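Shown next, in structure tokens, is the structure this report addresses.
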Amino acid sequence: MSFPKRTPVAEALSAKPGEKLALAGWVRTLRCSKGAFSFITLNDGSCLDSIQVLAEGKLPNYESEVVRLSAGCSVLIRGELVESPGKGQAVELKASEVVLLGKADAESYPIQPKKHTLEFLRTVAHLRPRTNTFGAVARLRNAVCSAIHEFYQKRGFLYVHTPIVTASDCEGAGQMFRVSTLDPLKPPRTPEGKIDYGQDFFSRPTFLSVSGQLEGETYACALDKIYTFGPTFRAENSNTPRHLAEFWMVEPEMAFNDLDDDADLAEAFIKHLFSAVLERCPKDAAFLSERYDKTLPGTLKHIVESEFVRISYTEAVDILRKSGRAWEFPVSWGTDLQSEHERYLSEEKFKKPVILMNYPAKIKAFYMRLNDDAAEHGGEPTVAAMDVLVPKIGEIIGGSQREERLEVLEARIRKMGMKPEDYWWYLDLRRYGTVPHAGFGLGLERTMQFVTGMSNIRDVIPYPRAPRSAEF
Ligand code: 4AD
Ligand code: MG
């Protein structure tokens with residue numbers, strides 16, 4: 001069968017009555033009238049809405065196929081667009097031909113025309129894009145990704161692809177997935193009895209990257225403004241609604257920029273993404289908001305229009321301590337902030353995004369620029385770090401000005417129990433023409449959670465990877 005030129009349902013719904021069209025998609029529902037006609041609702045994913053198709057009894061396959069259609073069947077339908085007498089749509093398609101492409105067994109097809117729980121839909125992740133919710137999330141995710149590239153391309157940032165297999169640990173946290181082709185049952189051993197990664201594929205231990213930042217910095221320190229956008233991997237055993245083992249991160253990096261410039265970029269970036277969602281996918285956004293978080297459109301608009309709060313970590317600790325709250329994790333200067341603290345600051349105290357700056361050095365990564373303020377905090381210096389916190393989610397961006405002074409950086413690496421030799425190429429940037437520079441990482445899925453109102457991060461990525469979860 002040669003396929004005719006098809007019209008997406010999204011276009012058909014705004015076309016004029018009288019047009020002859022061919023549509024293809026999947027049946028959502030079938031309603032047979034006692035008289036000899038049926039209504040098929042057809043969805044092809046081009047938009048949230050389905051189109052109503054009128055199939056009359058005189059169609060040659062009416063009894064044999066049309067009335068036996070059920071949710072999930074794929075069909076090709078030719079017909080003429082007519083004004084719809086029914087409520088809810090301006091036009092419908094009057095079918096002149098209905099071709100059944102693929103049957104879907106009505107008994108076993110998991111996506112029935114009723115409300116399914118998100119938990120159930122995770123078990124049929126290969127079919128969940130056929131639901132309104134996951135169609136809307138997919139279209140919004142696409143819109144956000146295109147807005148990401150647009151934002152940086154307009155500002156002259158170069159898109160750089162950093163490696164996924166890496167030998168260095170960017171965040172220094174050691175929670176990485178090993179990449180190895182050694183036989184786990186009989187790996188080669190060193191004379192000391194350890195596994196000899198010298199005989200592995202890359203002749204060294206290698207891992208999936210936790211961040212493209214270090215490699216990104218090398219390009220920023222040659223080409224000025226760059227960004228990376230790709231998958232990153234963390235093997236931490238975090239079973240929370242905000243953590244994935246595989247997630248996507250956007251990481252801009254700018255030479256000749258400091259922490260304040262970094263915060264300015266982060267604020268402009270978030271506002272750009274949020275307004276793009278409101279402008280480009282209004283129907284999908286409205287559907288998700290109606291179903292999952294009614295306050296969403298107002299919150300997004302408020303964020304786009306308001307100035308973000310900028311305070312230091314030290315001030316934040318002060319606010320948290322004076323809040324009168326009984327925290328699950330007590331706060332004192334030097335402790336890392338937990339999601340409950342981050343959410344209190346952005347959701348309750350300031351009711352908008354908050355950029356927290358200058359965290360204690362001891363709780364942040366080795367590459368962050370050391371501030372000259374140890375005397376102010378009993379001998380504990382801070383670093384020029386920045387986290388952007390948003391209501392409901394907490395941290396959505398983490399970034400910093402980078403340590404550009406060779407000796408300071410080497411000392412920091414040693415202090416954290418790492419070896420400067422392992423970072424020789426990263427340190428070379430500080431040996432040859434070092435410059436102040438800064439950047440950050442925005443988690444795509446946390447951003448998607450925010451703009452869709454989905455409370456679990458596993459529902460904003462097609463195939464979530466989390467502890468004990470990698471089917472599909
Ligand atoms: O704060 P993080 O760990 O920062 C970095 O990786 C830096 N190298 C970025 C940079 O400066 N270029 O991660 C950045 C963001 C977080 O704010 C969060 O939004 C997201 O990545 N993120 C996660 N998202 C989902 N699941 C996880 N396990 C995540 N870990 C971080
Ligand atoms: Mg972070």
| remark: Ordered by number, the chymotrypsin sites (Phe, Trp or Tyr not before Pro) in the stretch 200-257 that occupy a DSSP loop and have at most 14 other Cβ atoms within 10 Å are Phe201, Phe202, Phe256
| request: Show that you can apply the helix-only estimate: for the chain, add -39,500 (n - 2.57) for every DSSP H stretch of four or more residues, divide by all residues, and state [θ] at 222 nm to the nearest 500. | output: -8000 deg cm²/dmol
| Using alpha carbons only, how many degrees (0 to 90, rounded to 10) separate the axis of helix 282-292 from the longest principal axis of the chain? | 80
| remark: Between the residues Gln112, Ile397, Tyr227, the Cα farthest towards the positive end of the dipole of the chain, that dipole coming from +1 and -1 charges on the beta-carbon of Lys, Arg, Asp and Glu, is from Gln112
| Can you work out D for the stretch 243-371 in µm² s⁻¹ from Stokes-Einstein, where Rh is the Kirkwood radius over C-alpha pairs, the temperature is 25 °C and the viscosity is 0.890 mPa s? | 144
| field | Neighbour cut-off at most 15 other Cβ (10 Å), DSSP loop, GluC sites (Glu not before Pro), the stretch 338-437 | value | none
| field | Quotient of Cα Rg and 2.2 N^0.38 Å for the chain, N being how many residues it contains | value | 1.18
| What is the order of Lys194, Lys283, Lys34, fewest Cβ neighbours within 10 Å to most? | Lys34, Lys194, Lys283
| note | Within the under-10-Å Cβ sphere about Gly394, not counting Gly394, Lys/Arg +1 and Asp/Glu -1 give a net charge of -1
| remark: Around Arg405 (Cβ within 15 Å, Cβ-to-Cβ, excluding Arg405; K/R +1, D/E -1) the net charge comes to -1
| query | What dipole magnitude, in Debye to the nearest 20, does the stretch 186-293 give about its Cα centre under +1 on Lys/Arg Cβ and -1 on Asp/Glu Cβ? | reply | 740
| Pairwise FRET efficiency - Asn456 versus Arg31, Cβ, R0 = 35 Å, nearest 0.05 | 0.55
| request: Write out the GluC sites (Glu not before Pro) in the stretch 82-113 meeting two conditions: DSSP loop, and at most 15 other Cβ atoms within 10 Å of their Cβ. | output: Glu107
| query | Quick one: putting +1 on the C-beta of Lys and Arg, -1 on the C-beta of Asp and Glu, what dipole do you get for the stretch 9-102 around its Cα centre, in Debye to the nearest 20? | reply | 240
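Counting other beta carbons within 10 Å of each Cβ, put Val451, Val304, Val331 in order, fewest first. Before the final figure, lay out the partial values.
Numbers: Val451 26, Val304 16, Val331 21.
With the sparsest Cβ surroundings first, the list reads Val304, Val331, Val451.
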| Per 5 Å bin from zero, what fraction in whole % of the C-alpha pairs of the stretch 210-296 is there, up to the bin with the longest pair? | 3, 12, 14, 16, 18, 17, 13, 6, 2, 0
| request: With a/c under 1.5 counting as rounded, go ahead and sort the stretch 1-61 into rounded, prolate or oblate using the C-alpha gyration tensor (a ≥ b ≥ c being the square roots of the eigenvalues; past the cut-off, prolate if a/b is larger than b/c, else oblate). | output: prolate
| request: Determine the alpha carbon to alpha carbon distance for each of Lys34/Lys103; Lys301/Lys392; Lys16/Lys154; Lys87/Lys283; Lys115/Lys392 and list only those over 27 Å. | output: Lys16/Lys154
| query | With a ≥ b ≥ c the root eigenvalues of the C-alpha gyration tensor of the stretch 236-284, is it rounded (a/c under 1.5), prolate (a/b larger than b/c) or oblate? | reply | oblate
| How long, wide and thick is the stretch 335-472, going by the Cα atoms along their three principal axes, in whole angstroms, largest first? | 45, 40, 27
| field | Leading residue at positive end of dipole, the chain (Cβ point charges), from Pro188, Ser306, His126 | value | His126
| request: Putting +1 on Lys and Arg Cβ atoms and -1 on Asp and Glu Cβ atoms, find which of Phe177, Val9, Ala316 reaches farthest to the positive end of the dipole of the chain. | output: Val9
| field | Cα-projected label distance for Glu56 with Arg321, points at 7 Å along beta-carbon direction, nm | value | 8.1
| remark: Here the convex hull volume per residue of the stretch 9-102, taken over Cα atoms and given in Å³, is 88
| With +1 on each Lys and Arg Cβ and -1 on each Asp and Glu Cβ, how big is the dipole of the chain about its Cα centre, in debye rounded to the nearest 20? | 1760
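Where a number appears in this text, it was derived from the coordinates with a stated rule and is not lab data. Because the structure is predicted, anything quoted here is derived from the model rather than measured. Glycine gets a Cβ as well: all are built from the backbone with ideal geometry, and neighbour counts include every protein chain shown.
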